[in-house]
Amino acid sequence: MITLQHVTKIYKNTVTALEDVSVEIQKGEFVFIVGPSGSGKSTAIRLLLKEEEPTAGEIFVAGKDLSKISSWKTPLLRRNIGTVFQDFKLLTDKTVFENIAFALEVIGKPKHVIDQRVPEIVELVGLSDKLNNYPNELSGGEQQRISLARAVVNRPLILLADEPTGNLDPATSVDIMRLLDKVNRIGTTIVMATHDHAIVDAMRRRVIELEAGKVVRDQERGVYGVAP
Amino acid sequence: MPPRLEPLFRETVVGLKRNGSIAVAAISTAFISVFLVGGALLINRQANLLIDALTGNVEVSVFLSDPVNTDNVTHLTSLLTTLPSVADVHYEDKAEACARFQKQFAQEPALVENTPCSALPASLRVKMRDPNQFRQVAAALGCTQDASGNLSCGQPGVERVRDNRTTLNAMFSVIRFFRIVVGVLAVIALIASALLIANTIRVGLFARRREIGIMRLVGATNWRIRVPFLAEGVIQGLLGAGIAILFLFIVKVTLVDPERTIVKFVPFIRNGDIVAIVPWLIVLSVLVSLGASLFAMRRFLEV
């Protein structure tokens, strides 16, 4: 589903964010990318979204060579990739329903599809009673669930999550991880960049550890701390 | 998948409302600039009407004395045609002069009615190759200038010779001056309106940067992101142009039309002249506002 071959990313010819990274992620996998700040986690996510171009190496997402996707077809790539961020990225002047509907509306989905899918997905994240609330009226965990609902409402093949629990307390984080697990079980490939030891240790999924832009560990059913 | 127009329209309207006061400024300058451009075009049209009316596109008129002698006409025509500075000589008989007069003052039926055709002199209408060589024509016709500047001409059958350029020169320079002033003002105003429209778009982009970021993340096309902003800019331009066109009509009705009854011998612009420039004004305002919006997006919207 995702392949990186000898990918290097150097910003402004001086800062090396990723160095010769080669990773293969299969369809349906759940992968954690761990490592300290500045180790290249966010750069990897930006590369997968084609927000940045690699300095060297090749990236394949859903069978497509990203370097061969023209800029005007990049939006179509992004429709296959859902994204969740630490800061939720919800629009404060729109209700829960409108926030999720917006994501479908701007890719041209007809109204009847929106009216059907939005309540469905909000039910999946367990917030059906908050459809007409504004983001400010929700807790952080609830906002992140809405953000997750928006990320998957268009049924993407891949979900990229960049520190999705970064702003949440441990109990709420567990709720979010349950949801991500649920989304993974219906076949969505999930790549999650995180700092959260407890979550990584508890989930026992594949862990890719980055350090100074290099892969220093790639382990099936790993934990956060360095393996023996 | 057919694009849905309704959300695009809604975003455009929201954008216009959100930037209310800035949008009003942009619309006002668009109005002023289109008004000035229209004004310049109409002044130009009015000048052409005047020139046409007063000269009939002829630079020198040789009015013939009554009754017209055909031998004289042939003689004078061949005399003038041989002059190197003359391009063409056309004999306009009384009937022709009358027809031209009636056409020119079609909007002044009273004037036409009270002017019998016999009162209009026949003339030789001379087109000059070099319009500055009026003296050559005057000399060929045996004209001499007296102390007060009047010409008396020796050639038989010639009543009066008029260099239309000198009579109109003073007026032309006034018109030319107006045309340039209004034209320069129009260009300045156009630039100002383009900058103001670009600015409203920029403010709009900034106000909606979160929305734009999310649109990009969920895979909205560039087209889908840009159209509401483009539409916003073009609507501002078009509103300005609409008001400007309305004002051109108002000015014509309140300032030009009363002149019609006072200055009887001069044709004035009519509604049709304004209607004729309306498409150009609309095209111009669309191009300027579209260009300004595209410029603002190139500058302030990374893809």
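A short reminder: the numbers here are calculations on the coordinates, not readings from a lab. No experiment lies behind these values; they were computed from the predicted model shown. Neighbour counts run over all protein chains shown; Cβ positions are idealised from the backbone, glycine included.
Distance from the Cα centroid of segment A:63-121 to that of segment B:208-266 is 33 Å (rounded to whole angstrom).
Here's how it looks for A:Phe30: its modeled amide H is under 5 Å from those of A:Ile190, A:Arg206, which are all 5 or more places away or on a different chain. Across A:Val84, A:Val174, A:Val96, mean-square fluctuation computed from a Gaussian network of chain A (C-alpha pairs under 10 Å connected) peaks at A:Val174. Of the residues B:Gly242, B:Gly20, B:Gly213, the one that moves most in a GNM of chain B with alpha-carbon contacts below 10 Å is B:Gly213.
Remark: mean inter-chain Cβ contacts per residue of A:97-109 equal 4, using a 10 Å Cβ-Cβ cutoff to other protein chain atoms. Among the trypsin sites (Lys or Arg not before Pro) in segment A:164-227, those placed in a DSSP loop whose Cβ has at most 13 other Cβ atoms within 10 Å are A:Arg204, A:Arg221.
Ordering A:His112, B:His75 from the fewest to the most neighbouring beta carbons within 10 Å gives A:His112, B:His75.
Exposure proxy ranking for A:Ser37, A:Ser42, based on other Cβ atoms within 10 angstrom of each Cβ and starting from the fewest, stands as A:Ser37, A:Ser42.
Panel order for A:Glu137, A:Glu19, by other beta carbons found within 10 Å of each beta carbon, from fewest to most: A:Glu137, A:Glu19.
The alpha-carbon of A:Lys50 sits under 17 angstrom from the alpha-carbons of these aspartates and glutamates, leaving out residues fewer than 8 places away in its chain: A:Glu58, A:Asp65, A:Asp162, B:Glu302.
Along segment A:102-113 the Karplus relation, 6.51 cos²θ - 1.76 cosθ + 1.60 evaluated at θ = phi - 60°, assigns HN-Hα couplings of 4, 4, 7, 4, 6, 9, x, 6, x, 4, 5, 5 Hz to successive residues, with x for each Gly and Pro.
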